[in-house]
Structure formats: C-alpha cells, structure tokens
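J.: Attaching a single structure in structure tokens format; questions to follow.
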Amino acid sequence: MGEIHLHVTKERLDELLLDEVIALEEPQTATARQLRDAVARFVVNGDGAYLPPVEAKRALGHVTQVKFVEIAHDLFAQVRGLAVNPTKPGE
C-alpha cells in the first residue's frame, strides 16, 4: 500500500473502543501501538472502503514515524471537522 488514506465518520467514531478513545484524546501518554491501533480504524483503500484491521495495522507499520505523525494530524483534523460540521443521521 502506498499512500495512507483516512475516512472519519461519526458512525466510525462511535465504534471506537474506550482504550482507542483514550489513545486519541491523550496521544502524548499513549503508546505507539495504541495510537496505531486507533488510527487503523479509519484507514481506507483507494475505493474508500475501510481496510480490515490487520491490513490497516500492517500498512501503518510500514510508514516512518514522521509520516505517522502526519497521518495522525490528518485524523485529528477530520475529527475536529466533524465536531464543527456534524451531519444529521442518514446523511
């Protein structure tokens, strides 16, 4: 997998496990593994379909630390965007 693409939806956020929520809310205290696992929930393929967790984790495991920080910042920006522009159910 070349470029890592993320897609954040409210429904996907609602599916996060509590440990994943904590990792995203407190990234400075989370381990790299915890952050990778949380971010992996949002990795999509070129068609926009979510990757299975094993594939998403494998793809993230092959990026540099610097690139992972960029990916995490993209995730945080998308989450903030949802908070600012929430969608109604069914949209």
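Read-outs throughout are calculated quantities, based only on the coordinates presented, and are distinct from any laboratory measurement. Predicted model, so just to flag it, every value in this text is computed and none were measured. Cβ coordinates were reconstructed from backbone atoms using ideal geometry, including for glycine residues, and neighbour counts include every protein chain displayed.
J.: Out of segment 41-50, which residues are without any contact (Cβ under 8 Å) to a residue 40 or more places away in the chain and surrounded by 11 or more Cβ atoms within 10 Å (Cβ to Cβ)? Before you say what the answer is, go through the steps one by one.
T.: Going through segment 41-50, the residues without any contact (Cβ under 8 Å) to a residue 40 or more places away in the chain turn out to be 41-44, 47, 49.
Selection gives R41, F42, V43, V44.
J.: Any chance you could count how many residues in segment 58-77 are closer than 19 Å to L16 by Cβ and surrounded by fewer than 17 Cβ atoms within 10 Å (Cβ to Cβ)?
T.: Of the residues in segment 58-77, 4 are closer than 19 Å to L16 by Cβ and surrounded by fewer than 17 Cβ atoms within 10 Å (Cβ to Cβ).
J.: Here is a further query. Just wondering, is there one or more residues in segment 13-31 that are under 13 Å from the mean Cα position of the chain (by Cα) and in contact (Cβ under 8 Å) with a residue 60 or more places away in the chain?
T.: Yes: segment 13-31 contains one or more residues that are under 13 Å from the mean Cα position of the chain (by Cα) and in contact (Cβ under 8 Å) with a residue 60 or more places away in the chain.
J.: Regarding A38, is this residue out of contact with any strand residue (DSSP E or B) (no Cβ under 8 Å at 6 or more places or on another chain) and buried (at least 16 other Cβ atoms within 10 Å of the Cβ)?
T.: The answer is yes for A38.
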